[in-house]
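Okay, structure first, notes after.
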Amino acid sequence: ALDIKDIPWAGKQLWAPDAAYKNGKYYLYFPVKDKQDVFHIGVAVSDQPTGPFKAQPQPIKGSFSIDPAVFTDTDGSTYMYFGGIWGGQLQRWSAGKYEANGSKTDLNQDDKPALSVKVAKLTGNMLEFAETPKDGVIVDKNGKPLLGGDHDRRFFEGSWMHKFNGKYYLTYSTGDTHFLAYAIGNSPYGPFTYQGTFLKPVQGWTTHHSIIEFNGKWYLFYHDTQLSNKNHLRNVKVTELQHNADGSIKLIDPFIE
């Protein structure tokens, strides 16, 4: 669909894309390091879902880090959620510009608010941010932001957004603790109140995922390493995702059929 050599500004590490359909076109969003080893997010366009996709000549202005996820709301507005700490470099943008010698992990401030997923509305042509990215803050039941040291609950990478019964469900990976967690808000920008985990740890390090509705049912797509037993050789899995009557998500055990 798209080769790194066909992205004019790309250096290395093209991975973790998302795709969207709008205006009769297909849009492929991807993170990749530029030639200075800094992650940005690009977009490529095609008339077909299988491509070939033609990349825009420059990354999306104002983009950084990894793991783009694109969500179109019921009013037609489209948003991108993105970001990832550690190798995703989100922590190196905390001062508003890239710090090449910044932390390799997080802010190293366990008693301070954790880094947030970023969210920005896209322009009508799906090629640019319509605004400066904002923090999608995750808070506890008392409205306090989750702390950097709260590794079981704080955002790490791999965000996704879906809407259910008028509520906005931000789902994400906790990274080094291997949970898929979710938080619910009344706006696509948040704040999002932490609710719990909905997928127990799988075999393998990461749990990047997507959630879609199809024929009246919701499905979770994710990956693990059961076929290869190698952390960087991952296979896709899918399972039904169920919302309980109170809006919570039923916990999924990946090792129970």
*Residue that is surrounded by 18 or more Cβ atoms within 10 Å (Cβ to Cβ), among the aliphatic types (A, V, I, L, M) and farther than 14 Å from residue 157 by Cβ, where the choices are 38, 32*: 32
*Does segment 66-87 include one or more residues that are modelled with pLDDT of 95 or more, more than 30 Å from residue 213 (Cβ to Cβ) and buried (at least 21 other Cβ atoms within 10 Å of the Cβ)?*
no
*Go through segment 1-81 and tell me which strands (runs of 3 or more DSSP E), entirely inside it, have 1 or more residues that are in contact (Cβ under 8 Å) with a residue 40 or more places away in the chain and under 13 Å from the mean Cα position of the chain (by Cα).*
18-22, 25-34, 39-46, 69-72
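Having 1 or more residues that are under 27 Å from residue 256 (Cα atoms) and touching a helix residue (DSSP H, G or I) at 6+ places or on another chain (Cβ under 9 Å) is the bar; report the strands (runs of 3 or more DSSP E) wholly within segment 123-239 that clear it.
Passing ranges, in order: 157-164.
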_Per-region count, segment 82-98, residues under 14 Å from the mean Cα position of the chain (by Cα), among the hydrophobic types (A, V, I, L, M, F, W, C) and either over 14 Å from residue 41 (Cα atoms) or assigned to a loop (DSSP other than H, G, I, E, B) (or both)_ = 1
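Return a yes/no flag: does segment 19-27 have any residue that is crowded, with 16+ Cβ neighbours inside 10 Å and among the charged types (D, E, K, R).
Filtering segment 19-27 for residues crowded, with 16+ Cβ neighbours inside 10 Å gives 19-20, 26-27.
Keeping just the survivors that are among the charged types (D, E, K, R) gives none.
No, because not a single residue in segment 19-27 is crowded, with 16+ Cβ neighbours inside 10 Å and among the charged types (D, E, K, R).
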*Looking only at segment 215-236, decide whether some residue is touching an Asp or Glu at 6+ places or on another chain (Cβ under 7 Å) and farther than 22 Å from residue 72 by Cβ.*
yes
*Could you give every pair whose Cβ atoms fall below 6 Å, whose first residue belongs to segment 100-116 and is under 21 Å from residue 133 (Cα atoms), and whose second residue is charged (D, E, K, R) and in a loop (DSSP other than H, G, I, E, B), counting only separations of at least 6 or pairs across chains?*
114/154
*Given the conditions (1) farther than 19 Å from residue 73 by Cα; (2) out of contact with any His (no Cβ under 8 Å at 6 or more places or on another chain), report the number of the one that residue 174 does not fulfil.*
(2)
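Can you tell me which residue within segment 202-238, out of those that are among the hydroxyl-bearing types (Ser, Thr, Tyr) and exposed (fewer than 15 other Cβ atoms within 10 Å of the Cβ), is nearest to residue 164 (Cα to Cα)?
My answer is 219.
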*asked:* Can you find, within segment 200-244, the residue that is farthest from residue 155 (Cα to Cα) among those that are more than 16 Å from the chain's Cα centre (by Cα) and of a type in the set (A, V, I, L, M)?
replied: 227
*Pick out the one residue from 172, 182, 194 that is farther than 20 Å from residue 86 by Cα, in contact (Cβ under 8 Å) with a residue 40 or more places away in the chain and within 14 Å of the chain's Cα centre (by Cα).*
182
*Criterion: closer than 20 Å to residue 157 by Cβ and exposed (fewer than 15 other Cβ atoms within 10 Å of the Cβ) - qualifying residue of 5, 61, 12*: 12
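Matching residues to (1) under 26 Å from residue 247 (Cβ atoms); (2) at pLDDT 95 or above; (3) not aliphatic (A, V, I, L, M):
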| site | (1), (2), (3) |
| --- | --- |
| 107 | no, yes, no |
| 128 | no, yes, yes |
| 133 | no, yes, yes |
| 136 | yes, yes, yes |
| 145 | yes, yes, yes |
| 153 | yes, yes, yes |
| 184 | yes, yes, no |
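The values are calculated or read from the model by the stated rules, or taken from the named source; none is laboratory data. On a predicted model such as this, the values are computed, not experimentally measured, just so you know. With ideal geometry, Cβ positions are generated from the backbone for all residues, glycine too; neighbour counts draw on all protein chains shown.
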